[in-house]
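Peer 1: Following this message is one structure expressed as structure tokens.
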Amino acid sequence: MKPPPATLEQLTRLCQNGDWNREPKPALPSGFAELDAHLPGGGWPCGAIAELISDALGIGELGLLMPALSSLVRAGRYIAWITPPYLPYAPALAQRGLPPERMLLIRAQTLQQSLWATEQALRCPAIGAVLSWPAYIVDRNVRRLQLAAEAAGTVGFLYRPPEAARESSPAALRLRLQAAFDGILIEIKKSRGGRAGARLQCPHSNALAVPTPAAARA
Amino acid sequence: MLWLCLRLPQLAREAQAISTAAAMERLAAWAYQWSSQVSYRLSDPPLLWLELGASEHLFGGYAALLEQVQAGLTQLKLSHVCALAPSPHGAALLTQAERQRCVYTRPQLRLRLEPLPLEWLELPIEVIGALQSAGLRNIGQLLALPAAAIARRFGPQTCRYLRQLLGQQSDPRTAWQLPSTYQARCEFGCELRETTALLFPLQRLLLEFQGYLRGRDCAVLRFTLKLEHYRLPASDLTIGLSAPGREAAQFLQLVRERLHNLVLPAPVCGLCLEALEFTAPGIVQADLFGSPAQQLQQLQLLLDRLRARLGADQVQSLALKPDYRPERAWDYAPPLQTRSGRDCTVADDYQPARPCFLATQLQRVAPPARLLSGPERIESGWWDRADAARDYYIALAEDGARLWVFRNLSDGGWYLQGLWT
């Protein structure tokens with residue numbers, strides 16, 4: 001029989017990890033202070049799947065990841081893009097601190113292949129983050145990916161259509177993304193070890209990520 | 001000198017007379033990883049000799065070496081009998097013994113041979129018959145006779161054989177030579193219709209290939225696997241690696257991915273493995289802390305797996321190109337290449353911001369209702385017949401998406417180029 005937690009801090013860990021002896025899982029700061037404040041550990045969960053349920057394409061759902069991805073690339077890791085709906089545009093990525101040669105663009109013909117490629121990429125320690133746009137998946141597929149991410153400590157971002165918001169999912173983090181005036185509206189649907197239900201707004205990242213010529217010279 | 005003799009009764013049973021030679025060739029190439037002096041004889045059962053005296057020290061003693069060879073044979077799923085003796089003939093003879101098949105010195109060998117029956121000797125049948133009718137039963141009795149008398153009665157070659165058997169006279173053999181290219185074939189007794197059924201013979205082929213690569217101390221970047229059909233041209237599978245490799249397990253994984261989505265045009269009756277080019281092995285030592293080199297190796301393994309299953313051109317990386325037209329300012333690049341030539345990102349600080357998503361093809365759209373910013377004029381390309389004169393805007397769509405659109409100045413139409421996301 002384990003002794004009960006003695007301090008409030010241990011109680012918090014028990015709620016977050018299911019074990020108060022274990023250190024909290026590392027997190028990858030998202031680069032948005034408002035969002036980090038709402039995520040357990042202060043960032044995207046490492047070794048887990050984050051689902052991004054976006055109402056439409058092009059509302060800033062990719063810009064939300066850019067600061068985190070650029071910190072991963074600076075640490076020498078690679079980023080895998082699996083079946084993106086549009087082409088990742090190399091000059092834009094370079095402007096946001098992502099060198100194009102660090103990107104791996106993987107295309108697949110079928111859903112099965114794309115899930116397989118996502119899992120393989122998640123299991124590779126040289127890859128920092130996997131961005132995947134699977135066509136239609138069920139929670140069994142997500143669980144498999146979640147296990148793969150846990151094994152290697154990679155962050156997996158799954159982009160899912162708005163219908164997915166109604167279903168349950170084993171992903172550690174689920175965010176609903178909606179367009180807002182001059183920014184993106186985020187609703188936390190599920191957050192393992194954190195609190196769900198919060199709504200917040202983040203600014204578009206491209207407005208701040210592009211250095212002005214004066215700033216670049218400084 | 002100490003000779004290891006392998007007796008392989010199963011090989012003769014499995015293969016037909018013609019392919020026994022091919023199988024022994026493959027096995028000799030495989031055995032070359034432990035000894036530079038390999039020879040074989042296509043008797044029934046076939047025998048394979050390895051000289052171990054020179055490699056004993058490298059592999060940490062006879063016991064360890066013998067264990068490695070036997071483990072290798074078990075991996076190949078070949079039944080075998082091993083014997084170790086200071087002479088090739090002695091080792092071959094001892095493979096017939098029930099036990100105590102390893103002797104290390106010449107006096108020991110003589111003692112071991114003496115109680116063994118006379119008919120195990122590789123002498124002509126009439127010689128054996130004559131000896132038996134003279135009342136001799138075991139080898140010891142024959143060895144006790146004066147050599148001059150044996151030579152007078154049965155010829156000098158009998159005497160030479162006995163001296164070679166005891167290791168008293170040298171027994172020169174032409175050492176088997178490694179071929180400069182590798183080709184291994186195996187035929188099946190039946191036709192295989194399922195790709196999964198191919199994995200068993202494939203495993204043996206790849207393990208033998210690994211032995212050859214280790215023996216030559218080299219690695220491959222690509223090899224070809226031919227699936228042979230009856231009366232039809234063979235289906236070729238070329239397996240490419242992004243870094244030199246020589247591990248059978250890695251090869252098998254790649255081949256399995258390729259076989260996974262292969263539809264056989266006809267049943268397979270044979271397999272052929274071919275490798276024509278070899279490179280130096282790039283061995284990365286295992287490191288306690290995941291070093292960059294190790295990470296790179298893992299990434300190469302991942303890329304190979306993805307390419308094998310999805311197709312070689314489905315895995316790409318990106319590169320920048322110096323051009324003002326957005327659709328030409330980038331290109332695909334093979335993964336894992338460091339940026340070469342001119343560094344294009346230097347100029348990027350002075351370029352206007354670009355969106356992260358680019359449309360694969362230009363789509364004509366209706367004139368946008370709400371423009372958020374613009375115009376940015378891009379006029380370029382008069383020299384290569386893809387002249388562009390465009391005004392770029394950021395437009396807001398009804399669903400909240402921010403579009404990167406342009407008005408073509410030549411025809412006045414609006415086009416969608418990308419998404420600000």
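Peer 1: I'm told residue A:156 meets every condition in (1) part of a strand (DSSP E or B); (2) touching a Pro at 6+ places or on another chain (Cβ under 9 Å) except one. Can you identify the failing condition by its number?
Peer 2: Status for residue A:156: all satisfied but (2).
Peer 1: When you go through (1) over 19 Å from residue A:27 (Cα atoms); (2) out of contact with any Leu (no Cβ under 6 Å at 6 or more places or on another chain) one by one for residue A:159, which number turns out not to apply?
Peer 2: Result: residue A:159 fails condition (2) only.
Peer 1: Could you list, in sequence order, the residues of segment B:139-174 that are part of a loop (DSSP other than H, G, I, E, B), surrounded by 15 or more Cβ atoms within 10 Å (Cβ to Cβ) and of a type in the set (A, V, I, L, M, F, W, C)?
Peer 2: Once the filter is applied, which keeps residues that are part of a loop (DSSP other than H, G, I, E, B), surrounded by 15 or more Cβ atoms within 10 Å (Cβ to Cβ) and of a type in the set (A, V, I, L, M, F, W, C), segment B:139-174 yields only B:166.
Peer 1: Return yes or no: is residue B:94 within 30 Å of residue B:215 (Cβ to Cβ), modelled with pLDDT of 90 or more and not basic (Lys, Arg)?
Peer 2: Here the answer is yes, as residue B:94 does meet what is asked.
Peer 1: Follow-up question, since we're still on this one. Test each condition in (1) over 30 Å from residue B:276 (Cα atoms); (2) assigned by TED's automatic domain parsing to the domain that holds residue B:215 for residue B:191 and report the one that comes out false.
Peer 2: For residue B:191, the exception is condition (1).
Peer 1: Also: Would you point out the residue of segment B:232-256, among those that are in a helix (DSSP H, G or I), within 10 Å of the chain's Cα centre (by Cα) and in contact (Cβ under 8 Å) with a residue 24 or more places away in the chain, that is farthest from residue B:311 (Cα to Cα)?
Peer 2: B:248
Peer 1: If you take the residues in segment B:127-142 that are free of Cβ contacts under 8 Å to residues at least 12 places away in the same chain and among the hydrophobic types (A, V, I, L, M, F, W, C), which one is nearest to residue B:155 (Cα to Cα)?
Peer 2: Among those that are free of Cβ contacts under 8 Å to residues at least 12 places away in the same chain and among the hydrophobic types (A, V, I, L, M, F, W, C), it is B:128.
Peer 1: Please determine whether any residue of segment A:80-94 is in contact with a Lys or Arg (Cβ under 9 Å, 6 or more places away or on another chain) and farther than 27 Å from residue B:320 by Cα.
Peer 2: Looking through segment A:80-94, none of the residues is in contact with a Lys or Arg (Cβ under 9 Å, 6 or more places away or on another chain) and farther than 27 Å from residue B:320 by Cα.
Peer 1: Next question. Do the conditions hold for residue B:223, that is, is it closer than 25 Å to residue B:304 by Cβ and either in contact (Cβ under 8 Å) with a residue 12 or more places away in the chain or among the charged types (D, E, K, R) (or both)?
Peer 2: Yes; evaluated as a whole, the condition is true for this residue.
Peer 1: Name the residue, out of A:55, A:139, that is surrounded by fewer than 24 Cβ atoms within 10 Å (Cβ to Cβ), within 19 Å of residue B:355 (Cβ to Cβ), in contact with a Pro (Cβ under 8 Å, 6 or more places away or on another chain) and of a type in the set (D, E, K, R).
Peer 2: A:55
Peer 1: Here's a follow-up. Filtering segment A:151-170 down to residues that are surrounded by fewer than 17 Cβ atoms within 10 Å (Cβ to Cβ) and under 24 Å from residue B:298 (Cα atoms), which residue is farthest from the other protein chains (Cβ to nearest Cβ)?
Peer 2: The qualifying residue farthest from the other protein chains (Cβ to nearest Cβ) is A:151.
Peer 1: Determine whether segment A:74-81 contains at least one residue that is within 19 Å of residue B:303 (Cα to Cα), surrounded by fewer than 18 Cβ atoms within 10 Å (Cβ to Cβ) and out of contact with any helix residue (DSSP H, G or I) (no Cβ under 6 Å at 6 or more places or on another chain).
Peer 2: Within segment A:74-81, one or more residues are within 19 Å of residue B:303 (Cα to Cα), surrounded by fewer than 18 Cβ atoms within 10 Å (Cβ to Cβ) and out of contact with any helix residue (DSSP H, G or I) (no Cβ under 6 Å at 6 or more places or on another chain).
Peer 1: Checking residue B:282 against (1) in contact with a strand residue (DSSP E or B) (Cβ under 9 Å, 6 or more places away or on another chain); (2) modelled with pLDDT under 85; (3) assigned to a helix (DSSP H, G or I), which single condition isn't satisfied?
Peer 2: (3)
Residue-by-condition table, conditions (1) under 27 Å from residue B:170 (Cβ atoms); (2) surrounded by fewer than 22 Cβ atoms within 10 Å (Cβ to Cβ); (3) in the same structural domain as residue B:11 (by TED's automatic domain parsing):
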| residue | (1), (2), (3) |
| --- | --- |
| B:49 | yes, no, yes |
| B:53 | yes, yes, yes |
| B:59 | yes, yes, yes |
| B:74 | no, yes, yes |
| B:79 | no, yes, yes |
| B:88 | yes, no, yes |
| B:91 | yes, no, yes |
| B:94 | yes, no, yes |
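Peer 1: Can we say residue B:355 is away from every other protein chain (no Cβ under 11 Å) and surrounded by 12 or more Cβ atoms within 10 Å (Cβ to Cβ)?
Peer 2: No.
Peer 1: Given (1) farther than 30 Å from residue B:297 by Cβ; (2) at pLDDT below 85, identify the lone condition not met by residue B:343.
Peer 2: (1)
Peer 1: Counting only residues that are in a loop (DSSP other than H, G, I, E, B) and in contact with a strand residue (DSSP E or B) (Cβ under 8 Å, 6 or more places away or on another chain), which one in segment A:171-186 is surrounded by the fewest Cβ atoms within 10 Å (Cβ to Cβ)?
Peer 2: Top of the filtered list is A:172.
Peer 1: Of everything in segment B:122-138 that's in a helix (DSSP H, G or I) and among the small types (Gly, Ala, Ser), which residue is farthest from the chain's Cα centre (by Cα)?
Peer 2: For segment B:122-138, the residue satisfying everything is B:133.
Peer 1: Quick one: residue A:147 ticks every box in (1) of a type in the set (A, V, I, L, M); (2) buried (at least 20 other Cβ atoms within 10 Å of the Cβ); (3) without any contact (Cβ under 8 Å) to a residue 12 or more places away in the chain; (4) more than 9 Å from chain B (Cβ to nearest Cβ) bar one, so which box is it?
Peer 2: Evaluating residue A:147 over (1) of a type in the set (A, V, I, L, M); (2) buried (at least 20 other Cβ atoms within 10 Å of the Cβ); (3) without any contact (Cβ under 8 Å) to a residue 12 or more places away in the chain; (4) more than 9 Å from chain B (Cβ to nearest Cβ) leaves (2) as the failure.
Peer 1: Report whether or not residue B:34 is under 19 Å from residue B:167 (Cβ atoms), of a type in the set (Phe, Trp, Tyr) and crowded, with 18+ Cβ neighbours inside 10 Å.
Peer 2: no
Peer 1: Further question on the same structure: Please find, among A:130, A:142, the residue that is touching a residue at least 40 places away in the same chain (Cβ under 8 Å), more than 8 Å from chain B (Cβ to nearest Cβ), part of a helix (DSSP H, G or I) and touching a Ser or Thr at 6+ places or on another chain (Cβ under 8 Å).
Peer 2: A:142
Peer 1: What number of residues within segment A:191-218 are exposed (fewer than 12 other Cβ atoms within 10 Å of the Cβ), at pLDDT 50 or above and not in a strand (DSSP E or B)?
Peer 2: Number of matching residues: 2.
Peer 1: Residues that are within 7 Å of chain B (Cβ to nearest Cβ), polar (S, T, N, Q) and within 20 Å of residue B:312 (Cα to Cα): list the helices (runs of 4 or more DSSP H) wholly contained in segment A:14-123 that include at least 2 such residues.
Peer 2: In segment A:14-123, A:111-122 are the helices (runs of 4 or more DSSP H) which contain 2 or more residues that are within 7 Å of chain B (Cβ to nearest Cβ), polar (S, T, N, Q) and within 20 Å of residue B:312 (Cα to Cα).
The values are calculated or read from the model by the stated rules, or taken from the named source; none is laboratory data. Fair warning: this is a prediction, and the values are worked out from it, not measured in the lab. Methodologically, a virtual Cβ is constructed for each residue, glycine included, from the backbone with ideal geometry; neighbour enumeration extends over all protein chains shown.
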